[in-house]
Amino acid sequence: MEATIEVQGLRKQFGQTVAVDDLSFTVIPGQVTGFVGPNGAGKSTTMRVLLGLDSADAGRALIGGRAYSALRRPLTQVGALLDAAAVHPSRRGRDHLLWLAHTHGLPTRRVDELLETVGLGSAGRRRAGGYSLGMRQRLGIAAALLGDPPVLLFDEPVNGLDPEGIRWIRGFLRALAREGRAVLVSSHLMSELEDSADHLVVIGRGRLVADTPVAELLAAASGDRVALRTSDRTRAMAVLAREGATVAANGKESLSVTGLPAERITALLAAGGVPFSEVSAHRATLEEAYMELTRDAVEFQATDTQASEPRAAASQASESQASEFRAATGDGDMR
């Protein structure tokens, strides 16, 4: 079976609400693909359609070139974790996996191997109702891997995991992809995807926002900004502005500079005798890049408390910075 996930022109509507609207993307083998978007963006609906739990109104959602309903012995072709709570609380963890294994003729030893792999070797005979959320997540991951499938779908796999568990899942996801599997991970924790995902599919209001390698997205979001720390902010602003840079103060001793590379900034400051303690190219985080991409696609948005601060104070601060800059550049008569 070809290890791919393919979504083409997918549309799903619930009543008057369009959950997924003409969505298309492909998840290829050998990499971890992050699937992200604001609440209500359509991520869970898309994954449910892929797994045959909801039917599409239009378009296709295929695993290995086929609809889920057409797969024979599906556990051996696709593994999924959508809801860690989807296990009977009175059933022992090991028995839950045994029940799933027997439906596909999988050996008992596979169950015991996976319990050890996910760190539940000593807890397999305990009832699932006594598991923590993190333990249920591990059990769900074991269930997804039972048939050694080439395609994997995980919805919020780090939810409930402790720091050790989060570190483990990062490496585990990367290892699964290195084995040639297609791994799709839905998550709202950008910091976790930044450390594990190779590719990112971003959706908002049911539509595709971005389909890009993580490295390219971070590079684009970082731009050519350079962070500068100096004890003589006024003189630094003057020196750099004369060379065509755009300089913004964002702290008592910190500036953000665009329009000049870090090496040129260093040379100019040194030549002008301006003291500085840091000159570094800005590297955007995945969260920053994501927020920029999805700022117009958020359906539910909290009020920014900073927006309620007195406007006069903000205006006064801006005018103070402007006056300082005009004095530094000799434009004190500018109106």
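Here are some notes:
- Consider the stretch 222-240 and keep the residues that are touching a His at 6+ places or on another chain (Cβ under 9 Å) and of a type in the set (Gly, Ala, Ser). The one that is farthest from Glu194 (Cα to Cα) is Ala227.
- Only one of the listed residues (Leu200, Leu193) is touching a residue at least 24 places away in the same chain (Cβ under 8 Å) and part of a strand (DSSP E or B). That residue is Leu200.
- Flag if Arg136 is more than 13 Å from Glu192 (Cα to Cα), charged (D, E, K, R) and surrounded by fewer than 19 Cβ atoms within 10 Å (Cβ to Cβ): no
- Inter-residue pairs, beta-carbon under 7 Å, first closer than 12 Å to Asp83 by Cβ and free of Cβ contacts under 8 Å to residues at least 24 places away in the same chain and in the stretch 144-164, second hydrophobic (A, V, I, L, M, F, W, C) and surrounded by fewer than 20 Cβ atoms within 10 Å (Cβ to Cβ), 6+ apart: none
- Taken together, Asp57, Asp83, Asp95 contain a single residue that is of a type in the set (D, E, K, R), in contact (Cβ under 8 Å) with a residue 12 or more places away in the chain and either touching a Gly at 6+ places or on another chain (Cβ under 9 Å) or loosely packed, with under 14 Cβ neighbours inside 10 Å (or both), which is Asp83.
- Members of the stretch 4-41 found to be outside any strand (DSSP E or B) and touching a Gly at 6+ places or on another chain (Cβ under 7 Å), listed by number: Thr4, Pro29, Gly30, Gly37, Pro38, Ala41
- Of all residues making up the stretch 253-294, the number that are surrounded by 17 or more Cβ atoms within 10 Å (Cβ to Cβ), under 20 Å from the mean Cα position of the chain (by Cα), assigned to a helix (DSSP H, G or I) and not β-branched (Val, Ile, Thr): 4
- Flag for Val247 being outside any helix (DSSP H, G or I), crowded, with 18+ Cβ neighbours inside 10 Å and of a type in the set (Val, Ile, Thr): yes
- Within the stretch 41-48, not a single residue is over 16 Å from the mean Cα position of the chain (by Cα), in contact (Cβ under 8 Å) with a residue 24 or more places away in the chain and surrounded by fewer than 18 Cβ atoms within 10 Å (Cβ to Cβ).
- Unique residue being in contact with a helix residue (DSSP H, G or I) (Cβ under 7 Å, 6 or more places away or on another chain) and at pLDDT 90 or above when the list is Val201, Val183: Val183
- All of (1) surrounded by fewer than 19 Cβ atoms within 10 Å (Cβ to Cβ); (2) of a type outside the set (D, E, K, R); (3) not in a loop (DSSP other than H, G, I, E, B) hold for Pro89 with one exception: (3).
The values are calculated or read from the model by the stated rules, or taken from the named source; none is laboratory data. Computed from a prediction, not measured in an experiment: that's the story for all the values here. Heads up, the Cβs are rebuilt from the backbone with ideal geometry, glycines too, and the neighbour counts pull from every protein chain shown.
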